[in-house]
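Some notes on the structure that comes next.
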Amino acid sequence: MIEDIKQEADDRMGKALEALSHNFNKIRTGRAHPSLLDSIRVEYYGAETPLNQLANINIEDARTLSVVAFDKSITPDIERAIMKSDLGLNPSTAGEVMRIPMPILTEETRKGYTKQSRAEAESARVSLRNARRDALAMLKELLKEKDISEDEERRGHDVIQKLTDDYVAKVETALTQKETDLMAI
């Protein structure tokens, strides 16, 4: 029973860490990376379709992405969707290839993105604490129903706390890495 609770908490904490990673990918650094465009959706035959299903996205150099649409007729729609996104990117189309230069980040922009990164990390920590709280509540419920002893409940509590500490350390590592990437010139 305690192992099941630990496994469920581990799954929830893993999902929180995965969500943090996904949110960090949306925060752009000065370098080009195809995952920056993951959140962009393009109207294609009446459906909102992810850009990576409509085009090939490549890194041309450290500061430039190239996008080549599979269906050449939707290139203007892709360009419009990228410009409408809140990423602050201005694509330029040359024939079939769309190039997206990454603007150089100013010090003010870097600090804003760092603040956003910290907010995302705090949100992940809150999710981890919620998973811990729920797991501990399940342990207390088992103790109340006399399914486990007080010693088992205490051991389960320690296991859940260690698991939480491990995931919080992973969040801190990810945040430190993102801040380093943001502040690199």
Specify which of the listed residues (Arg125, Arg80, Arg132) is of a type in the set (Lys, Arg), outside the structural domain of Met13 (by TED's automatic domain parsing) and not in a loop (DSSP other than H, G, I, E, B). Arg80
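Mind telling me which of the residues Ala135, Ala124 ends up being small (Gly, Ala, Ser), buried (at least 16 other Cβ atoms within 10 Å of the Cβ) and more than 20 Å from the chain's Cα centre (by Cα)?
Details: Ala124 fails: more than 20 Å from the chain's Cα centre (by Cα).
None of the others qualify; the one that does is Ala135.
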Using beta carbons and a limit of 6 Å, which pairs, at least six apart or on different chains, have the first residue in segment 137-152 and modelled with pLDDT of 90 or more and the second one among the charged types (D, E, K, R)? Leu139/Glu153
Surrounded by fewer than 17 Cβ atoms within 10 Å (Cβ to Cβ), assigned to a helix (DSSP H, G or I), modelled with pLDDT under 95 and within 29 Å of the chain's Cα centre (by Cα), is that true of Thr173? no
Check whether at least one residue in segment 104-112 is more than 28 Å from Ile57 (Cα to Cα) and touching a residue at least 24 places away in the same chain (Cβ under 8 Å), and report yes or no. no
Run Ala62 past the list (1) under 19 Å from the mean Cα position of the chain (by Cα); (2) modelled with pLDDT under 85 and report the number of the one that doesn't hold. (1)
Of the conditions (1) over 20 Å from Leu36 (Cα atoms); (2) assigned by TED's automatic domain parsing to the domain that holds Gln53, Glu150 fails just one. Which one is it? (2)
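The values are calculated or read from the model by the stated rules, or taken from the named source; none is laboratory data. Not measured: the values here are computed from a predicted model. Every residue, glycine among them, receives a Cβ derived from its backbone with ideal geometry; neighbour counts consider all protein chains shown.
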